[in-house]
Every structure is written in C-alpha cells, then in structure tokens.
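*Asks:* Take a look at the following structure, please.
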DNA sequence: ATTATCTATAGATCTATAGATAATGC
DNA sequence: ATTATCTATAGATCTATAGATAATGC
C-alpha cells in the first residue's frame, strides 16, 4: 500500500486516464466508481480523497481526453508536410474505421460523447468547451496562419461534419451505410474544403 | 381503469410517445420505467404487458421520433417552394436556437442521442438505421430528383454537418461559441451545398 | 499526527416479476 | 376465462460515507 504524495498523484492520474478510456468506450454513465477503481487496482473507498464528486471526475477525464491530433500536427511538422497534406491526414485519420471502432483509444471526445455532454452539468460542459475551442483553434490554423474569419468558418464546418459523420457511422448497425458515411464525408470535405498550398 | 384492446393500444402509443420525448430530453437512460409510466398516468406494473424489455421500448421510441422534416416538406409542396428554398428552410430550421434548446419537441433523434445510440444494443441501432436511411433519402431528393451519387453525397455531408453542429452547440456552455457554430454551419452549408434552381 | 487506502454499508436508485383486482369479451 | 392495470417487492445496481488500518512525514 503506497501512501506518499507522489503515489497519490500517480493514483489520481491513473484514475483519470482510466476514466477517460472507459467513458469514451461505454458512455459517461457506463462505468461506476467501484468498477473504475477496481480497474485501476484499488478499491472504492479511496475515491473521494481524490474527487469531491463523480462530476469532478467526469470533468477531469474530459480534460484528459486527447484525440490524437497533436500527434498528427507534430508528425506533419517533422516531415515538412504541407497544409493540404495535413488537412487530408486529419480528415482521413478521423474518419477511419479504426477510429470508429475504438473510441476509447485516443478517440475524439465529441464523436464519442457529444450528446451526453450536452445534457451534463455546467462544470462538465465548461471542460468540454475548453477542449472544443482548442481543437477549433488548431484546425483554423490548418486553413490559414492568420486565422481569418473564413479559416475559422472552414474549421467549424469541417469539425461539425467530422463529429456528425463518426456519430452517425457508429449509430447504424448497417456496415455498408456506415462505410458510405465515412468515405463520402472524407471525400466531400477534401473536395470542398482542402486548403490551397502556400504560394512560395 | 380501462382494459379494452382499444385502450391498451392508446396506452401503448402514449407510453412510446412520452418515452420519445423524455429520451431526447434526458438521454436514453435518463428516465426509468416507473417514472415514465407515472408521466403517462399509470403505474410500473403494467409496463411488461406492453414491452418485452426496456430495450424494446427504446427501439419503438426511436421509431416514433419525428424530426419535423415531413412538416417542412409538406409546407414546401403546398407553398410551391423551390428546392433551394426548401434546402434553406431545412438547414435554418435544424440549426435554430429553438431546436438546440428543445430536443424533446420534434427534435432530431441523432442530434439528441447519436452517441448513446452508437453504444446501444443491435435492436436499437437497427431502428436508428431505418430512421437514418429515411432521412437521407428525403434529403437526397432535395438535391436531385433522380437521386444521383452527387445528390446522395451532398445529403450525407449536409446531414453529418447538421448533426455535428447541433451536438457541439449543445455540448458547450459558452453561448457565443454555441451561436457561432449554428450560424457558421448554416451559412457555410448554404454557400457550398444549396442546390441550383430547376431550369424551366 | 496525518492521510491514502481498505472493508463495509446506508440509502437511493432501477429493471423485472409476483400476485391481486377489476374490467373486457367470448 | 382472459387480461390490463394495480400494489408490492426481490435483486441488482450505484453514489457517497463511516470507521479501521498502515504508511508517510513532521
């Protein structure tokens, strides 16, 4: 039994990370506190030394959800990819069958949880707002370094279409319809919204 | 206490209609069977004479959810509206603040429930698939009577963007961001995807 | 002395069923 | 006789807390 400040911090992070996985996999109400602590290798009693309430855990888990875009941005920077190439990578990665089937593994929090977040308490929606603004900011930069209104609009439409498409692709049990949605939205976004290569 | 076949049918429909409202308002797990029956004016014990399980109720409630598009199509036909006008009415109606704030009142089932449906049992996702195909079919006809591949693609992109936009607009607690999403996606869809008026 | 974690449980759910009651419908 | 609805409850959750235990950290 570890009880140090360091081990407490490690426990806290492990609980949040496990919750971030499980919530995306099963929904915000899909795992109870006892089962979650068990997954981490602990028991239920210690939970409230870490969180004032279940809602606080949900908020922190949302803040900890990484949709994998940072990795794509970093890879693009490293490889010297152009904006259009990065845009394609973002769209294709988001609308991949692998992302559809594994929301828990660095899957987008809105694709996995948007409708439940919409009905959650203010604290949770505030955490989601931070993530949403961050994601729109990154995406806006893909369209235009100067972040013009047109770039912002393109980012908002792109992100809405991505979130809607993966949500619908998961909501149907018809595999061919699901694939049609993913492929069609990827192709259409690339045709209509792919940014122009830089001049010079 | 009514016990006739007719009154049973009326009860059944009332339970399904009430569930369709409550599920969109509070989520698929947001109301229990006892509370639902109470809302209808009955008690919990009769529920299982109507449904084999809770899941069966969820499926039937999804089938009963009407997103109000039929009314818009009928109004367009009556008023002799053109395809572009109907498209604008569909987009603006969907992305209206009123729709965002009242999912229970003829609100779109995917905008309200998509991420929860995606984690539901097959029976529920099958019911959702029927609604999705029907909606895509209607929307495709707005782009092209002959239902070309391009029209189908436009319908899928439009619907994905609508569902994503309203889901995100509800997920944030930042009113100005929420309004920005609704207005931006409406404007962008109309600019990029509004169908051409018929020639002749 | 403090506290991170443990075991155990109170109290509030929720789904589903059992058995009683009172109406329908042959 | 059948059955739609009722009251009541079994059994399985789930959140949160109480009190014990064993480690940290002054």
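The values are calculated or read from the model by the stated rules, or taken from the named source; none is laboratory data. These numbers come from a predicted model, not from an experiment. Cβ: placed from backbone, ideal geometry, glycine included. Neighbour counts: every protein chain shown.
*Asks:* Could you say whether any residue in the stretch B:43-56 is more than 12 Å from DNA strand D (Cβ to nearest atom) and not in a helix (DSSP H, G or I)?
*Replies:* Looking through the stretch B:43-56, at least one residue is more than 12 Å from DNA strand D (Cβ to nearest atom) and not in a helix (DSSP H, G or I).
*Asks:* Further question on the same structure: Run residue A:168 past the list (1) closer than 15 Å to residue A:101 by Cα; (2) more than 7 Å from every other protein chain (Cβ to nearest Cβ) and report the number of the one that doesn't hold.
*Replies:* (2)
*Asks:* If I filter the stretch B:147-158 down to residues being closer than 23 Å to residue A:110 by Cβ and more than 7 Å from chain A (Cβ to nearest Cβ), which single residue comes out as surrounded by the fewest Cβ atoms within 10 Å (Cβ to Cβ)?
*Replies:* Restricting to residues being closer than 23 Å to residue A:110 by Cβ and more than 7 Å from chain A (Cβ to nearest Cβ), the top hit is B:155.
*Asks:* What pairs come out if I take residues in the stretch B:39-55 that are within 14 Å of another protein chain (Cβ to nearest Cβ) and pair them with residues that are more than 9 Å from DNA strand D (Cβ to nearest atom) whose C-beta lies under 8 Å away, six or more apart or interchain?
*Replies:* B:55/B:120; B:55/B:121; B:55/B:123; B:55/B:124
*Asks:* Please verify whether residue A:105 is touching a residue at least 40 places away in the same chain (Cβ under 8 Å) and not in a helix (DSSP H, G or I), treating the condition exactly as stated.
*Replies:* yes
*Asks:* Are any residues in the stretch B:127-146 surrounded by fewer than 16 Cβ atoms within 10 Å (Cβ to Cβ) and within 11 Å of chain A (Cβ to nearest Cβ), and if so, which ones?
*Replies:* B:130, B:133
*Asks:* Shifting gears a bit: What are the residues in the stretch B:1-35 that are within 9 Å of DNA strand C (Cβ to nearest atom), part of a helix (DSSP H, G or I) and surrounded by 15 or more Cβ atoms within 10 Å (Cβ to Cβ), if any?
*Replies:* B:33
*Asks:* Let me ask another. Check whether at least one residue in the stretch A:173-182 is over 22 Å from residue B:188 (Cβ atoms) and in contact (Cβ under 8 Å) with a residue 60 or more places away in the chain, and report yes or no.
*Replies:* Checked the stretch A:173-182: at least one residue is over 22 Å from residue B:188 (Cβ atoms) and in contact (Cβ under 8 Å) with a residue 60 or more places away in the chain.
*Asks:* Among the residues of the stretch A:159-180, which ones are over 21 Å from residue A:106 (Cα atoms) and buried (at least 22 other Cβ atoms within 10 Å of the Cβ)?
*Replies:* Of everything in the stretch A:159-180, just one residue is over 21 Å from residue A:106 (Cα atoms) and buried (at least 22 other Cβ atoms within 10 Å of the Cβ), namely A:172.
*Asks:* Moving to a separate point now. Looking only at the stretch B:66-98, filter to residues that are at pLDDT below 95 and not in a helix (DSSP H, G or I); which one of those is surrounded by the fewest Cβ atoms within 10 Å (Cβ to Cβ)?
*Replies:* It comes out as B:80.
*Asks:* Might you let me know whether the stretch A:64-85 holds any residue that is away from DNA strand D (no atom under 13 Å from the Cβ) and within 14 Å of another protein chain (Cβ to nearest Cβ)?
*Replies:* Within the stretch A:64-85 (the criterion being away from DNA strand D (no atom under 13 Å from the Cβ) and within 14 Å of another protein chain (Cβ to nearest Cβ)), the answer is yes, since at least one residue qualifies.
*Asks:* Let me ask something else about it. Determine if the stretch A:173-184 includes at least one residue that is at pLDDT 95 or above and not in a helix (DSSP H, G or I).
*Replies:* Yes, the stretch A:173-184 has at least one match.
*Asks:* Is it the case that residue A:123 is touching a helix residue (DSSP H, G or I) at 6+ places or on another chain (Cβ under 7 Å) and in a helix (DSSP H, G or I)?
*Replies:* Spelling it out, residue A:123 is indeed touching a helix residue (DSSP H, G or I) at 6+ places or on another chain (Cβ under 7 Å) and in a helix (DSSP H, G or I).
*Asks:* Taking the stretch A:36-47 only, how many residues are surrounded by fewer than 13 Cβ atoms within 10 Å (Cβ to Cβ) and either closer than 16 Å to residue A:21 by Cα or more than 7 Å from DNA strand C (Cβ to nearest atom) (or both)?
*Replies:* Residues meeting the conditions: 1.
*Asks:* Spot the failing condition for residue A:25; the list is (1) near DNA strand D (Cβ under 10 Å from one of its atoms); (2) within 14 Å of chain B (Cβ to nearest Cβ); (3) out of contact with any helix residue (DSSP H, G or I) (no Cβ under 7 Å at 6 or more places or on another chain), and only one is missed.
*Replies:* (1)
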